[in-house]
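To start, the structure itself, in structure tokens.
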Amino acid sequence: MNLKLKIWRQKDPNTRGKFVNYRLRDISADSSFLEMLDVLNEELISKGEEPVVYDHDCREGICGACGLYINGRPHGPDSLITVCQLHMRKFKDGDTIVIEPWRARAFPIIRDLMVNRNAFDALIQEGGYVSVNTGSAPDANAILVKKEHADLSMDAAACIGCGACVAACKNASAMLFVGAKISQLALLPQGKIESNRRVMDMVAKMDELGFGNCTNTGACEAECPKGITLTNIARLNREYYKATF
Amino acid sequence: MSSIFTSSLGKKLLMSLAGIFLIIFLLVHMGINLLIVIFDDPMVYNKAAHIMSTNILIKIFEIILFGGFLLHMIYALILQIQNWVARPNRYNKANYSNTSFFSKFMIHTALITLVFLVIHMMDFYLKAKFGHAAEVIVDGKAYHDFASEIIDKFKMLPFVIFYIAAFVFLGFHLVHGFQSAFKTLGMDHKKYTPVVQFLAIIYSTIIVGGFSFIPVYIYFL
Ligand code: HEM
Ligand code: SF4
Ligand code: FES
């Protein structure tokens, strides 16, 4: 495939970035999106230019490190996958592909397509844990958990913290991420104990970090690679009211 | 408790409660307006309007209603500004995600509604309160003759078009607003959320249809 790429290049957090156009020839339709970018970077390096910086780690869709805003959608034109799981066969020969970083005040750009997602770490530090000793594996059966709750909690726990929800949201809101973390813990007896404090702390932190407010638009749900649903946002609201009143 | 007025979720709670209150108010308002076309005698409407502008309970309700509007608008604006600030640099190519369509235009449909509201208040409410309207005397008692005034107005096409257009935009606001408020209140359910979404469309259609019916009926009378 021959492609035209329009990529956001930005030297550091404080310099203004701009789009730069590149052309790539003979890209295999079976290569992954990140492999395509690797080919581009090798060409750039061999020409003595700076390669395009982007985040990636596992390349198997489980770590959440990769995150690119491709043709107007986080993680590109497919559902329920991360960028590393995106393949070039989803594009057509001759396509122009616009690649941007996640854009949110809470996720400042480090360089090119790489953003600083420490804000998510700060949220987790605020309450994304349980402080009680839950014992070792055999103890898991000591406290009974409703199957229904275990399932919902596991669904929420699928969140990999990629930040696509923030990137997709027109308000750059972190409600889906926080909703997933709150749900995962509040649904289990081990996490219930500090559920009130957790939700108050995490919401306060979320506001402080400069994320926007939820308007129930649903872009997050549409783009989440792990299928986290808006139900988790509704549960976050409920947990918040429970802790407040 | 105090975080209700300052946190993002608290502000959304207050604005959604105010929104639901306005949703109920709109139904009542529409019911009263329809009196003008249901009854041939304009005095039915004039008498209803008279009660609305003099009854003490209604006066108390009016204050609550103003409060509701203010609460809804002020928090909506604060939240909206925060949302713009949360993404200082826009995407070059954005919004290709599959989302609730009207949700993207809430502030726009809201501002159109607000313009209508301001005109509506200047045109009608102030007149009712401070009396510049024509009067009719029935059984020795003077009433504002709003019915004739409305009928005169809706005989003119530009008024009819402006009025209906304003309600269509309010309808767009409500299609998303109605169901969004439920989620904000923490209500989401596999079975019932689609029902709520369906009701949102029905409710919005009734509001737009009900309010628009009046000028159309009068215009073609
Ligand atoms: C009779 C008129 C109105 C009714 C019945 C109404 C109702 C609603 C409802 C139910 C919501 C959803 C709240 C939520 O998601 O929790 C909403 C959202 C909103 N309203 Fe109104 N509203 C009205 C007028 C206005 C006006 C005059 C403004 C002017 C500033 C406004 C601004 C907004 C905004 C910006 C939102 C978006 C928030 C979001 O998407 O969640 N509304 N409205
Ligand atoms: S909720 Fe989904 S989109 Fe958001 S961080 Fe988690 S996995 Fe990524
Ligand atoms: S690189 Fe780990 S999810 Fe894509």
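The values are calculated or read from the model by the stated rules, or taken from the named source; none is laboratory data. Small disclaimer: the values here were computed from a predicted structure and weren't measured. Neighbour counts are summed over all protein chains in view; Cβ atoms, including those assigned to glycine, are modelled from backbone coordinates with ideal geometry.
Could you list, in sequence order, the residues of the stretch A:223-240 that are out of contact with any helix residue (DSSP H, G or I) (no Cβ under 7 Å at 6 or more places or on another chain) and at the interface with chain B (Cβ under 7 Å from one of its Cβ atoms)?
Just the residues of the stretch A:223-240 that are out of contact with any helix residue (DSSP H, G or I) (no Cβ under 7 Å at 6 or more places or on another chain), to begin with: A:226-227, A:231, A:238.
Listed by number, the residues that qualify are A:T231, A:R238.
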Q. So which residues in the stretch A:59-107 are within 14 Å of the chain's Cα centre (by Cα) and among the hydroxyl-bearing types (S, T, Y), if there are any at all?
A. A:Y69, A:S79, A:T82
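In this structure, does A:K205 turn out to be more than 13 Å from ligand 2 (Cβ to nearest atom), more than 9 Å from every other protein chain (Cβ to nearest Cβ) and closer than 23 Å to A:N116 by Cα? Explain how you work it out, then say what you get.
Details: more than 13 Å from ligand 2 (Cβ to nearest atom): yes; more than 9 Å from every other protein chain (Cβ to nearest Cβ): yes; closer than 23 Å to A:N116 by Cα: yes.
In short, yes.
Answer yes if at least one residue in the stretch A:182-198 is of a type in the set (S, T, N, Q), within 16 Å of ligand 1 (Cβ to nearest atom) and either touching a residue at least 12 places away in the same chain (Cβ under 8 Å) or more than 18 Å from B:R87 (Cα to Cα) (or both), and no otherwise. Spell out the reasoning first.
Quick first cut of the stretch A:182-198, residues of a type in the set (S, T, N, Q) only: A:183-184, A:190, A:195-196.
Next, only the ones that are within 16 Å of ligand 1 (Cβ to nearest atom) stay: none.
No, the stretch A:182-198 has no match at all.
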Q) With (1) more than 9 Å from every other protein chain (Cβ to nearest Cβ); (2) part of a helix (DSSP H, G or I) as the list, and A:G161 as the residue in question, which single condition is left unmet? A) (2)
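Among the candidates B:K93, B:K12, B:K47, single out the residue that is over 30 Å from A:D112 (Cα atoms) and within 14 Å of another protein chain (Cβ to nearest Cβ). Please lay out each step first, then the result.
On the way: B:K93 fails: over 30 Å from A:D112 (Cα atoms); B:K47 fails: within 14 Å of another protein chain (Cβ to nearest Cβ).
Sole residue among the options that is over 30 Å from A:D112 (Cα atoms) and within 14 Å of another protein chain (Cβ to nearest Cβ): B:K12.
Would you be able to say whether some residue in the stretch A:48-55 is in contact with a Gly (Cβ under 9 Å, 6 or more places away or on another chain), of a type in the set (D, E, K, R) and within 18 Å of A:A172 (Cα to Cα)? I'd like the intermediate steps shown before the answer.
Of all residues in the stretch A:48-55, those in contact with a Gly (Cβ under 9 Å, 6 or more places away or on another chain) come to A:54-55.
Pick out the ones that are also of a type in the set (D, E, K, R) and you get A:55.
Narrowing further to those that are within 18 Å of A:A172 (Cα to Cα): none.
Among the residues of the stretch A:48-55, not one is in contact with a Gly (Cβ under 9 Å, 6 or more places away or on another chain), of a type in the set (D, E, K, R) and within 18 Å of A:A172 (Cα to Cα), which makes the answer no.
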Q.
List the helices (runs of 4 or more DSSP H) inside the stretch B:131-221, counting only whole elements, that have at least 3 residues being touching a Pro at 6+ places or on another chain (Cβ under 9 Å) and away from every other protein chain (no Cβ under 14 Å).
A. B:146-153, B:157-184
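Here are some residues: A:T134, A:T82. Which one is polar (S, T, N, Q), touching a Cys at 6+ places or on another chain (Cβ under 6 Å) and more than 13 Å from chain B (Cβ to nearest Cβ)?
Values: A:T134 fails: touching a Cys at 6+ places or on another chain (Cβ under 6 Å).
Result: A:T82 is the single residue among A:T134, A:T82 that is polar (S, T, N, Q), touching a Cys at 6+ places or on another chain (Cβ under 6 Å) and more than 13 Å from chain B (Cβ to nearest Cβ).
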Q. Of these, A:G48, A:G64, which one is away from chain B (no Cβ under 14 Å) and within 16 Å of ligand 3 (Cβ to nearest atom)?
A. A:G64
Q. For the stretch B:52-59, does any single residue satisfy the condition of being within 21 Å of the chain's Cα centre (by Cα) and among the polar types (S, T, N, Q)?
A. yes
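Filter the stretch A:42-59 for residues that are over 17 Å from A:F19 (Cβ atoms) and crowded, with 16+ Cβ neighbours inside 10 Å; which is farthest from ligand 2 (Cβ to nearest atom)? Break it down into steps so the answer makes sense when it comes.
Going through the stretch A:42-59, the residues over 17 Å from A:F19 (Cβ atoms) turn out to be A:42-43, A:45-48, A:55-59.
Filter again for crowded, with 16+ Cβ neighbours inside 10 Å, leaving A:55-56, A:59.
Values: A:D55: 13, A:H56: 15, A:R59: 16 Å.
Once the filter is applied, the top-ranked residue is A:R59.
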Q. Looking at the stretch A:192-200, is at least one residue of a type in the set (V, I, T) and within 16 Å of ligand 3 (Cβ to nearest atom)?
A. no
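Considering each of B:L9, B:L13, B:L71, B:L79 in turn, give the residue that is within 28 Å of A:A106 (Cβ to Cβ) and in contact with a strand residue (DSSP E or B) (Cβ under 9 Å, 6 or more places away or on another chain).
Details: B:L9 fails: in contact with a strand residue (DSSP E or B) (Cβ under 9 Å, 6 or more places away or on another chain); B:L13 fails: in contact with a strand residue (DSSP E or B) (Cβ under 9 Å, 6 or more places away or on another chain); B:L71 fails: in contact with a strand residue (DSSP E or B) (Cβ under 9 Å, 6 or more places away or on another chain).
Every option except B:L79 fails the conditions.
Find the helices (runs of 4 or more DSSP H) located wholly in the stretch B:1-110 whose residues include 2 or more that are crowded, with 17+ Cβ neighbours inside 10 Å and modelled with pLDDT of 95 or more, and list them. Working first, answer last.
Details: elements: B:3-6, B:8-38, B:42-54, B:56-85.
By residue number, B:8-38, B:56-85.
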